[in-house]
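> What follows is a single structure, and I will ask about it in a moment.
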Amino acid sequence: MIKHKRDFHIHATAHRLGNPNKDNTVQAIIACCAELGLDIVGIGEHLSLSSKHPAECMRSLVQEFRKIDPPMECFVGAEVDVLDRNGKVTCSPELKKELGLDYLLGSFHTRTWDQVNSNVHSFVEEEFSRLIGMIENCPHINVIAHPWRAGIKWEHNGSIQKWSFDLVQDEYQNRLIESALKHGMAVEINAGVEKAMEDGAYARFALKLKDAGVPISIGSDAHKIKNISRAIHVAEFLDRLGISDRHLWRPGNG
């Protein structure tokens, strides 16, 4: 049973350029997490090549974070992009240290992939290749964020009838798990697409992580305060699979 509810993928979208949500501050997020009864929380934002997410925004986020005395255990992190099959990411170890970040989530964002490439199998292979490159070449990354979750876009654009984790070959899943275990990285179970929790193949992937001993990170991927409650649903989903606190990641244990 999961006794200590947590969420390590919350976006403080007040700290971005272009379309900031001024109400979505670190302070407001912490207040919401306390209301929801979360015990361990990680707050951050995107740190990428996008003009909306420069390092200056992350600096302001960290400054706000450091001024707060939270009622629960809190960490500050960032979500960075993996750019190519060599695993190049948008935050160096030096920048991570300079910003004072506790952890980094590494993710492949498809951007326009679903618009220019109608082959979902190409997407599955591309994400696999980029994530393996990141795991092997970027030890400063702590968590593999939402692997293959973007597959739902191919359902949305009509290229496939229904997305399922069944479309991710066992070979890719198993190699990702083996590599994450070898290099000490956690893998995120993310409820950004809640239909994922109704997918038996996704549940089997979570069980593979548990059985292999890969730490599981819980992420709501909330860009709005109202969506932080997704983390509770993820914990309930994992509870049903027999996953407990000892199977879960937190900064400092992996």
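The values are calculated or read from the model by the stated rules, or taken from the named source; none is laboratory data. On a predicted model such as this, the values are computed, not experimentally measured, just so you know. Cβ sites come from the backbone with ideal geometry, for glycine too, and all protein chains shown count toward neighbours. Note: areas computed on protein heavy atoms with side chains; ligands, DNA, RNA excluded. Shrake-Rupley method; radii C 1.70, N 1.55, O 1.52, S 1.80 Å.
> With a 1.4 Å probe and all protein chains left in place, how much accessible area per residue does the stretch 112-214 have, in Å²?
Roughly 44 Å² per residue, with all protein chains present.
> Relative to the present Cα-Cα distance, how much length would full extension add between N19 and K226 at 0.36 nm per residue of separation?
Gain on extension, N19 to K226, equals 72.7 nm.
> Moving to a separate point now. Taking all protein chains in place and a 1.4 Å probe, what share, in percent, of the accessible surface of the stretch 1-135 do carbon and sulfur account for?
Within the stretch 1-135, the accessible surface is 48 percent carbon and sulfur.
> I want to make sure I understand the PRE zone here: with the label point 7 angstrom from the Cα of A31 toward its beta carbon, which residues in the stretch 217-242 have backbone N atoms less than 18 Å away?
Residues 223-229 fall inside that zone.
> Got a sec? Charge dipole of the stretch 1-74, +1 on Cβ for Lys and Arg, -1 for Asp and Glu; which of C74, L38, H53 is way out at the positive end?
The Cα lying farthest towards the positive end belongs to H53.
> Let me ask something else. Within the set of other residues whose C-beta is less than 15 Å from the C-beta of I243, count the net charge using Lys and Arg as +1 and Asp and Glu as -1.
Around I243, the charge tally is +4.
> Points 7 angstrom from Cα along the Cβ direction at N119 and Q169: gap in nanometres?
That separation, rounded to one decimal, is 1.3 nm.
> Something else now. Pop a pseudo-label 7 angstrom from the Cα along the beta-carbon direction at both R204 and D239 and give the gap in nm to one decimal.
About 2.6 nm, to one decimal.
> Something else: Treat every Asp and Glu Cβ in the stretch 195-254 as -1 and every Lys and Arg Cβ as +1, leave all other atoms uncharged, and give the resulting dipole magnitude about the Cα centre to the nearest 20 debye.
Using Cβ point charges on Lys, Arg, Asp and Glu, the stretch 195-254 gives about 120 debye.
> Rounded to the nearest 5, what % of DSSP beta bridges with both residues in the stretch 46-126 are antiparallel?
10
> In addition: Per residue of the stretch 168-175, in order, report the coupling 6.51 cos²θ - 1.76 cosθ + 1.60 (Karplus, θ = phi - 60°) as ³J(HN,Hα) in whole Hz, putting x for Gly and Pro.
So the J values, rounded to whole Hz, are 9, 4, 3, 4, 5, 4, 5, 5.
> Using only protein heavy atoms and a 1.4 Å probe, report how much of R230 is accessible, in Å² to the nearest 10.
Here the residue's solvent-accessible area equals roughly 50 Å².
> Order the following by accessible area, largest value first: W163, W154. Probe radius 1.4 Å; ligands, DNA and RNA are ignored.
Output order, biggest surface exposure first: W163, W154.
> Using helices alone, I'd like the mean residue ellipticity at 222 nm for the chain: each DSSP H run of four-plus residues gives -39500 (n - 2.57), total over residue count, nearest 500.
Computed ellipticity for the chain at 222 nm equals -11000 deg cm²/dmol.
> Most fluctuating residue of L17, L131, L38 in a GNM of the chain with Cα springs under 10 Å: which is it?
So, out of L17, L131, L38, the one fluctuating most is L17.
> In what order, largest first, do E35, E64 sit by accessible area if the probe radius is 1.4 Å?
Result, largest first: E35, E64.
> Report the charge-dipole magnitude of the chain in Debye, nearest 20, computed about the Cα centre from +1 at each Lys and Arg Cβ and -1 at each Asp and Glu Cβ.
Here the size comes out at about 260 debye.
> In addition: Can you give me the solvent accessible area of T13 with a 1.4 Å probe, rounded to the nearest 10 Å²?
So the heavy atoms of T13 present about 10 Å² to solvent.
> Give the relative contact order (percent, whole number) for the chain; include only Cα pairs under 8 Å separated by 6+ residues.
Averaging sequence separation for qualifying contacts and normalising by length gives 21 percent for the chain.
> Follow-up question, since we're still on this one. Only bridges whose two residues both fall in the chain count here: according to DSSP, what percent of them are antiparallel, nearest 5?
5
> So how exposed is I232, as accessible area in Å² (1.4 Å probe, rounded to 10)?
It works out to around 30 Å².
> Can you tell me which of 243-250, 214-221, 105-112 comes out highest on packing, and rank the rest after it, using the mean Cβ neighbours within 10 Å?
Listed from highest to lowest mean packing, they are 214-221, 105-112, 243-250.
> Starting from the 7 Å offset along Cα-to-Cβ, what nm value, one decimal, do you get for the label separation of R111 and A55?
For R111 paired with A55, the spin-label model returns 2.1 nm.
> Work out, step by step, the length gained on full extension between H156 and H4: first 0.36 nm times the residue separation, then minus their alpha carbon distance; give nm to one decimal.
The span from H156 to H4 would gain 51.2 nm if fully extended.
> Looking at the chain as a GNM with Cα springs under 10 Å, which of S229, S51, S60 has the largest mean-square fluctuation?
Per the Cα network of the chain with a 10 Å cutoff, S51 tops the list.
> Any idea what % of Cα-Cα pairs in the chain are farther than 28 Å?
Every Cα pair in the chain considered, those over 28 Å come to 28 percent.
> Find the centroid of the Cα atoms in the stretch 129-185 and in the stretch 1-51, then give the distance between the two in whole Å.
A separation of 23 Å, based on Cα centres.
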